[in-house]
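One structure is given here, and the rest of the page talks about it.
The values are calculated or read from the model by the stated rules, or taken from the named source; none is laboratory data. This structure is a prediction, so every number in the text was calculated from the model and none was measured. Please note: Cβ atoms are built from the backbone with ideal geometry, for glycine as well, and neighbour counts cover all protein chains shown. Just so you know, the surface numbers come from the protein's heavy atoms only, side chains and all, with ligands and any DNA or RNA stripped out. Shrake-Rupley method; radii C 1.70, N 1.55, O 1.52, S 1.80 Å.
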Amino acid sequence: MAHAAPRMLAWAERRLPALTRLRPREALPIVLHRRRIYIVPTGFGMGFAILLGVMLVGALNYANNAALMLTCLLGAATAGSMLVAFRVLNGLMVSTLRADTARVGERIRVSLDLSASQRARHAVRMDIAGTEHAVDVPPGGPATMEFELDAEHRGWLPLPRIRIHTRWPLGLFRAWSWIHPDSSVLVYPMPEAMGPSPFEPQGDADRGRPRVGDELAALREYRPGDPRRHIAWKLSARHHGLLVKDMEQPAPQEDWRLDWESVRGLDDESRIARLARWIDEAHDSGRRWSLKLPDAYFDVAHGDEHYHRCLTALALRP
Amino acid sequence: MTGFRLSIAPRVDTEPRLGERPFNLLCLSMAFVLATHAIHLPWWFSATLAAVLGWRWWHRRHGGQPVSMWIKLPVVGLLLAVVIATYGTLFGREPGAAFAAGLLVLKTLETEHRRDARVGVAFGGFALMSALLFNQSLIATLVVALGLVPALGTLRAIEELSPPRDAWRGEFAPALVMLAASVPLAAFAFFFIPRLESPLWGAPAAQRAVTGLADTMSPGDMGELLVDDTPALRITFDGPVPTGEGRYFRAYTMLYFDGRQWSSGYGAFPAAADVTAGTPRFRYHVTMEPTQQRILPMLDMPVAAPSDASLQYDRTALANQRVQSTHMYDAVANVDAVVDPVLNPALRRAALQLPATTGERARVLAQGWATEFNHDPLAIARAALGMFRDGGYRYTLAPAPLGADRIDDFLFGTREGFCEYYASSFTFLMRAAGIPARVVTGYQGGYWNKLGSYLLVRRSDAHAWTELWIEGRGWVRFDPTGAVRPERVSQGAASAANASGEGVSFFDGSWLRPLRDRWDVVNQWWNQAVNGFDALRQRGMLQPFGIRRTEIGDLAVIFAVGCTFLVAAALGWALFQRREGDALDAWMHRLQRKLAKAGVVRRTGEGPKHFMARAARSLPTHRNALERLSELYLRSRYAHDEPPPELVKQFRQLVREFRTRGVVK
């Protein structure tokens with residue numbers, strides 16, 4: 001018996017893909033229409049129906065027409081509430097998807113826009129990944145449904161199947177529809193916790209060349225061609241020759257040239273994790289970096305755009 | 001459907017707590033239910049429940065938590081004990097209603113989650129309906145139906161995400177609209193749900209004393225009845241209407257007298273013989289309020305029993321079932337009928353029976369009359385009536401109490417009373433004089449409602465009179481009360497009492513009469529159209545459509561078909577979606593239809609530009625117009641995000657003017 005239910009469900013999903021969750025993915029925006037909205041009474045609705053039956057039999061038995069009328073009124077209102085529930089979902093459009101970025105193991109914040117044409121839609125609920133979210137959709141304008149997903153692995157995280165349902169207005173019926181948007185959100189790789197610093201750039205042409213800066217680094221003898229304003233006149237007076245102030249930048253941050261090939265002895269995932277850590281460090285310390293992957297090269301640069309481009313490439317490594 | 005969850009262990013509940021708004025609405029619904037039941041519950045019981053409800057509302061409003069099980073359980077026990085102590089049982093209409101109302105109020109004590117509120121609302125709906133078992137008048141039904149509004153509002157508020165600010169527009173108006181929208185389906189179901197021919201289980205026994213006519217009578221019994229203005233019968237006549245003195249409606253006849261009380265007894269007498277003569281006939285139609293009794297009051301004298309009733313030996317009509325709800329019957333009366341031209345000896349003995357120890361002086365008086373008038377019944381009766389008229393007797397609804405000997409005390413002592421006193425002593429006197437006599441109770445008089453053209457008989461029109469058996473004439477009606485106060489017979493009990501200067505009621509003022517008439521017409525309509533709509537009437541319902549008799553099967557078919565239609569209509573409403581406001585497309589479609597008539601049909605997948613160019617080629621006379629249309633369409637459709645209204649307007653104008661007539665293909 002315990003195994004029967006999942007088997008039944010599996011059979012139903014095979015046989016009735018429209019009814020169950022096994023809908024093929026479809027592109028946003030998704031408009032709910034009558035052929036994909038289903039209605040069943042809730043538990044409370046079932047109980048209420050039984051109560052109505054008892055009232056009906058009682059009224060008929062006692063030939064009490066006033067009571068019968070009341071029962072009919074309540075029953076008709078119940079039936080009407082079923083249609084109202086249907087109307088909440090009918091024509092509802094699930095449109096834009098927005099997502100933050102997150103790393104593996106974190107929760108990623110996602111939002112979907114719901115909109116309807118003229119009528120307001122009350123108490124639209126969505127079951128996503130085991131939790132229920134609810135929102136009222138105002139007439140015309142969109143309402144945003146925000147939720148979080150578990151980012152389990154790097155790369156594209158497809159949206160799960162979403163049950164969109166409502167119990168409006170009386171909680172007697174539940175109208176529902178499954179949607180399976182063909183949309184994904186990107187999950188960045190998790191950087192490794194700790195490890196070696198990136199190698200010092202070797203054979204870099206820039207290395208050791210002094211840079212012109214603002215701070216006094218040293219005094220040296222005048223060489224022809226030095227600008228006159230760099231000559232330290234006061235100190236030169238006590239010296240036998242002209243001394244020139246050598247102005248330099250503070251110890252310059254080296255550009256990191258990160259290369260997939262240079263990380264050796266590790267499997268692909270660890271390489272990705274290490275590169276991700278280095279990119280994080282570089283980004284955090286304002287360093288410039290380049291990234292070389294087997295199939296892509298990102299030239300030396302810095303900034304958010306560069307950062308996201310690099311991490312996206314890492315996230316999408318096969 | 002338990003009103004109360006009997007479990008000590010706290011339920012682990014992840015459900016969100018019920019908001020303040022749904023809880024307030026729930027309390028309001030409960031108060032409504034309580035109010036509909038308060039009329040027939042003991043006042044202290046209702047007051048206590050109202051206090052508990054009010055306390056709970058205040059308590060939760062100020063952050064109170066659910067009441068502990070250790071308080072709730074004893075309170076339920078107490079409720080049970082109180083109901084049983086008050087009514088002696090838990091089963092039946094009154095104790096059931098009291099217990100249900102009590103449970104409903106106690107349910108709010110533990111209402112903390114949505115589930116509790118839902119259960120409360122459902123049970124409240126049931127309790128509302130049960131209030132109609134007590135009273136199914138128009139007002140009661142409307143009030144009870146109104147009670148559905150806060151109940152539905154509660155359910156809505158439970159589902160609501162963002163409560164609206166305005167309670168009226170937020171809760172009550174939508175619930176009211178919802179009820180109003182369900183009226184057509186409800187009315188349809190009401191008319192076509194097959195009624196039961198006989199109840200599935202026993203109807204509730206009348207446990208309280210029904211005020212109304214009883215099958216026994218002792219002087220003073222009717223005192224309460226004669227001030228009860230509740231309608232008892234509403235009668236419409238086909239043809240002539242009996243005048244005031246002819247409006248005697250017989251209910252019970254009573255043969256046996258034990259010195260205190262008259263009763264019908266259980267004598268087995270042969271069934272009623274046919275009425276021999278009699279004119280004129282009155283054909284009438286009675287709508288009767290429920291009495292919980294079987295007797296049907298009939299206009300004097302009935303010729304035959306109404307359907308589903310039988311005529312007794314004394315020409316009273318006994319329905320086959322107790323009159324539980326508004327009952328309707330048709331009957332014919334024969335005014336000068338001769339009933340029992342030959343008196344059955346057993347019946348004669350019973351009609352002369354007298355208790356041995358009562359009314360010594362009355363016996364002497366009556367026997368004196370008998371010898372004086374040579375046993376002529378009419379003369380003896382005239383003498384007795386003359387004594388009532390001239391002997392200082394007074395008509396009053398509040399007579400002095402009688403002593404042990406009710407007959408002598410009244411006749412020679414107090415000399416004041418109302419119909420029962422006179423009928424009782426008159427019958428006694430006649431029997432003592434050797435004339436077979438019996439007491440008859442029923443209604444006399446009534447109020448003619450001009451607006452509705454029907455006779456309204458109230459309980460206060462209850463009356464008692466006497467029938468004497470006279471050789472050759474059968475049973476003849478004598479009304480001794482009329483001898484004392486003729487107004488009682490011609491104008492009714494209330495005016496008779498008023499004439500003697502008692503109990504002038506403000507509400508009997510004539511200025512209210514038109515209003516009262518109108519109101520009674522509405523009640524009459526309600527009783528006939530709704531409460532009296534039974535299995536019999538349901539079957540005859542389709543006669544205007546040529547169906548002589550509607551069987552249950554037909555009803556079921558009509559019910560199913562009709563419901564399907566109504567549901568289809570409702571589905572149409574549910575599925576209806578206004579086209580997204582693209583007027584441009586609509587006009588383009590219209591143009592396509594016009595062109596299609598001219599033979600240019602747009603192909604699937606054909607773009608507008610290509611299509612219009614093709615149309616212009618095949619309809620050269622319209623080339624200019626079509627080119628202009630094409631250009632307008634393309635510009636409105638593709639040069640802007642939304643088609644600009646002025647371009648759409650131009651396009652519409654052109655499409656309207658576009659005529660394909662006269663095109664030579």
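Check off (1) of a type outside the set (D, E); (2) open to solvent by 20 Å² or more (accessible area, probe 1.4 Å); (3) within 14 Å of chain A (Cβ to nearest Cβ) for B:A122 and give me the number that stays unchecked.
Among (1) of a type outside the set (D, E); (2) open to solvent by 20 Å² or more (accessible area, probe 1.4 Å); (3) within 14 Å of chain A (Cβ to nearest Cβ), the lone unmet condition for B:A122 is (2).
Could you tell me whether segment A:70-93 includes any residue that is more than 10 Å from chain B (Cβ to nearest Cβ), without any contact (Cβ under 8 Å) to a residue 40 or more places away in the chain and either hydrophobic (A, V, I, L, M, F, W, C) or closer than 24 Å to B:P16 by Cβ (or both)?
Checked segment A:70-93: no residue is more than 10 Å from chain B (Cβ to nearest Cβ), without any contact (Cβ under 8 Å) to a residue 40 or more places away in the chain and either hydrophobic (A, V, I, L, M, F, W, C) or closer than 24 Å to B:P16 by Cβ (or both).
Just give me the residues in segment B:605-641 being open to solvent by 100 Å² or more (accessible area, probe 1.4 Å) and farther than 15 Å from B:M588 by Cα, in sequence order.
Within segment B:605-641, B:R617, B:T621, B:N624, B:D641 meet the criteria.
Take segment A:58-69 and flag every residue that is more than 7 Å from chain B (Cβ to nearest Cβ) and of a type outside the set (G, A, S).
none
Taking the condition open to solvent by 10 Å² or more (accessible area, probe 1.4 Å), at positive phi and at pLDDT below 85, does B:G446 pass? If you could, list the steps in order and put the result at the bottom.
Numbers: open to solvent by 10 Å² or more (accessible area, probe 1.4 Å): yes; at positive phi: yes; at pLDDT below 85: yes.
Taking the combined requirement at face value, the residue satisfies it.
Is it true that B:E94 is surrounded by 15 or more Cβ atoms within 10 Å (Cβ to Cβ), more than 14 Å from chain A (Cβ to nearest Cβ), among the charged types (D, E, K, R) and over 29 Å from the mean Cα position of the chain (by Cα)?
On the way: surrounded by 15 or more Cβ atoms within 10 Å (Cβ to Cβ): yes; more than 14 Å from chain A (Cβ to nearest Cβ): yes; among the charged types (D, E, K, R): yes; over 29 Å from the mean Cα position of the chain (by Cα): no.
Answer is no for this residue.
Using the structure shown, decide if A:L28 is in contact with a helix residue (DSSP H, G or I) (Cβ under 6 Å, 6 or more places away or on another chain), over 30 Å from B:T326 (Cα atoms) and surrounded by fewer than 22 Cβ atoms within 10 Å (Cβ to Cβ). Explain how you work it out, then say what you get.
Values: in contact with a helix residue (DSSP H, G or I) (Cβ under 6 Å, 6 or more places away or on another chain): no; over 30 Å from B:T326 (Cα atoms): yes; surrounded by fewer than 22 Cβ atoms within 10 Å (Cβ to Cβ): yes.
Taking the combined requirement at face value, the residue does not satisfy it.
Being among the aromatic types (F, W, Y), farther than 30 Å from B:P341 by Cβ, out of contact with any strand residue (DSSP E or B) (no Cβ under 8 Å at 6 or more places or on another chain) and at pLDDT below 80: is that true of B:F412 here? So that I can check it myself, show each step before the final result.
On the way: among the aromatic types (F, W, Y): yes; farther than 30 Å from B:P341 by Cβ: yes; out of contact with any strand residue (DSSP E or B) (no Cβ under 8 Å at 6 or more places or on another chain): yes; at pLDDT below 80: no.
Here the answer is no, as B:F412 does not meet what is asked.
Which of (1) more than 14 Å from chain B (Cβ to nearest Cβ); (2) within 30 Å of A:R317 (Cα to Cα); (3) open to solvent by 60 Å² or more (accessible area, probe 1.4 Å) is the odd one out, the single condition A:R154 does not satisfy?
(3) is the only condition that A:R154 fails.
For segment B:297-330, enumerate the residues that are in contact with a Phe, Trp or Tyr (Cβ under 6 Å, 6 or more places away or on another chain) and of a type outside the set (S, T, Y).
First, the residues of segment B:297-330 that are in contact with a Phe, Trp or Tyr (Cβ under 6 Å, 6 or more places away or on another chain): B:297, B:299-300, B:306, B:313.
Within segment B:297-330, B:P297, B:L299, B:D300, B:P306 qualify.
Among (1) under 28 Å from B:M288 (Cα atoms); (2) more than 10 Å from chain A (Cβ to nearest Cβ); (3) not acidic (D, E), where does B:A189 come up short?
Just one mismatch for B:A189, condition (2).
Inspect all residues belonging to segment B:470-477 and state whether any of them is open to solvent by 10 Å² or more (accessible area, probe 1.4 Å), closer than 17 Å to B:M301 by Cα and among the charged types (D, E, K, R).
Yes, segment B:470-477 contains a residue that is open to solvent by 10 Å² or more (accessible area, probe 1.4 Å), closer than 17 Å to B:M301 by Cα and among the charged types (D, E, K, R).
Could you check segment B:72-101 and list, in sequence order, the residues that are outside any helix (DSSP H, G or I) and not hydroxyl-bearing (S, T, Y)?
If we filter segment B:72-101 for residues that are outside any helix (DSSP H, G or I), which is where we start, we get B:88-92.
Once the filter is applied, which keeps residues that are outside any helix (DSSP H, G or I) and not hydroxyl-bearing (S, T, Y), segment B:72-101 yields B:G88, B:L90, B:F91, B:G92.
Going through segment A:33-56 one residue at a time, which ones are in a helix (DSSP H, G or I) and either touching a residue at least 12 places away in the same chain (Cβ under 8 Å) or facing chain B (nearest Cβ under 7 Å) (or both)? Before you say what the answer is, go through the steps one by one.
Filtering segment A:33-56 down to residues in a helix (DSSP H, G or I) leaves A:34-36, A:43-56.
Result: A:R34, A:R35, A:R36, A:F44, A:G45, A:G47, A:F48, A:A49, A:L51, A:L52, A:M55, A:L56.
Pull up segment B:63-83, narrow it to residues that are of a type in the set (V, I, T) and closer than 12 Å to B:G102 by Cβ, then point me to the one that is least open to solvent (accessible area, probe 1.4 Å).
Within segment B:63-83, the subset of a type in the set (V, I, T) is B:67, B:71, B:75-76, B:82-83.
From what is left, the residues that are closer than 12 Å to B:G102 by Cβ are B:75-76, B:82-83.
Numbers: B:V75: 47, B:V76: 24, B:V82: 43, B:V83: 1 Å².
Residue satisfying both the conditions and the ranking: B:V83.
Among strands (runs of 3 or more DSSP E) lying entirely in segment A:248-318, which contain 2 or more residues that are crowded, with 17+ Cβ neighbours inside 10 Å? Steps first, please.
On the way: elements: A:256-259, A:289-293, A:296-301.
Fully inside segment A:248-318 and qualifying: A:256-259, A:289-293.
Are any of the residues in segment B:143-165 over 24 Å from the mean Cα position of the chain (by Cα), open to solvent by 50 Å² or more (accessible area, probe 1.4 Å) and more than 8 Å from chain A (Cβ to nearest Cβ)?
yes
Considering only strands (runs of 3 or more DSSP E) fully contained in segment B:306-421, which possess at least 2 residues that are in contact with a Ser or Thr (Cβ under 8 Å, 6 or more places away or on another chain) and surrounded by fewer than 19 Cβ atoms within 10 Å (Cβ to Cβ)? Break it down into steps so the answer makes sense when it comes.
Numbers: elements: B:309-311, B:317-319, B:327-334.
Answer list for segment B:306-421: B:327-334.
Take segment B:131-142 and flag every residue that is surrounded by 22 or more Cβ atoms within 10 Å (Cβ to Cβ) and more than 7 Å from every other protein chain (Cβ to nearest Cβ).
Within segment B:131-142, just B:A131 meets the criteria.
In segment B:167-182, how many are within 9 Å of chain A (Cβ to nearest Cβ) and open to solvent by 70 Å² or more (accessible area, probe 1.4 Å)? Steps first, please.
Step one: list which residues in segment B:167-182 are within 9 Å of chain A (Cβ to nearest Cβ), which gives B:174-175, B:178-179, B:181-182.
Restricting the remaining residues to those that are open to solvent by 70 Å² or more (accessible area, probe 1.4 Å) gives B:181.
Total meeting the criteria: 1.
Can you tell me which residues in segment B:141-162 are in contact with a Phe, Trp or Tyr (Cβ under 7 Å, 6 or more places away or on another chain), at pLDDT 90 or above, more than 13 Å from B:A131 (Cα to Cα) and not hydrophobic (A, V, I, L, M, F, W, C)? Show your work before the answer.
First, pick out the residues of segment B:141-162 that are in contact with a Phe, Trp or Tyr (Cβ under 7 Å, 6 or more places away or on another chain): B:147, B:149-150, B:153, B:159.
Remaining after also requiring at pLDDT 90 or above: B:147, B:149-150, B:153.
Filter again for more than 13 Å from B:A131 (Cα to Cα), leaving B:149-150, B:153.
Result: B:P150, B:G153.
Anything in segment B:84-128 that is in contact with a Pro (Cβ under 8 Å, 6 or more places away or on another chain) and of a type in the set (F, W, Y)? List them, or say none.
Residue satisfying the conditions is B:Y87 alone.
For every residue, the table says whether it meets (1) β-branched (V, I, T); (2) within 21 Å of A:V88 (Cβ to Cβ).
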| site | (1), (2) |
| --- | --- |
| B:V82 | yes, no |
| B:A100 | no, no |
| B:L106 | no, no |
| B:A140 | no, no |
| B:V149 | yes, no |
| B:L155 | no, yes |
| B:G170 | no, yes |
| B:A180 | no, yes |
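Scan segment A:176-196 and give yes if some residue there is within 14 Å of chain B (Cβ to nearest Cβ) and either over 23 Å from A:A27 (Cα atoms) or open to solvent by less than 50 Å² (accessible area, probe 1.4 Å) (or both), otherwise no. If you could, list the steps in order and put the result at the bottom.
From segment A:176-196, those within 14 Å of chain B (Cβ to nearest Cβ) are none; that's our starting set.
The answer is no, given that none of the residues of segment A:176-196 is within 14 Å of chain B (Cβ to nearest Cβ) and either over 23 Å from A:A27 (Cα atoms) or open to solvent by less than 50 Å² (accessible area, probe 1.4 Å) (or both).
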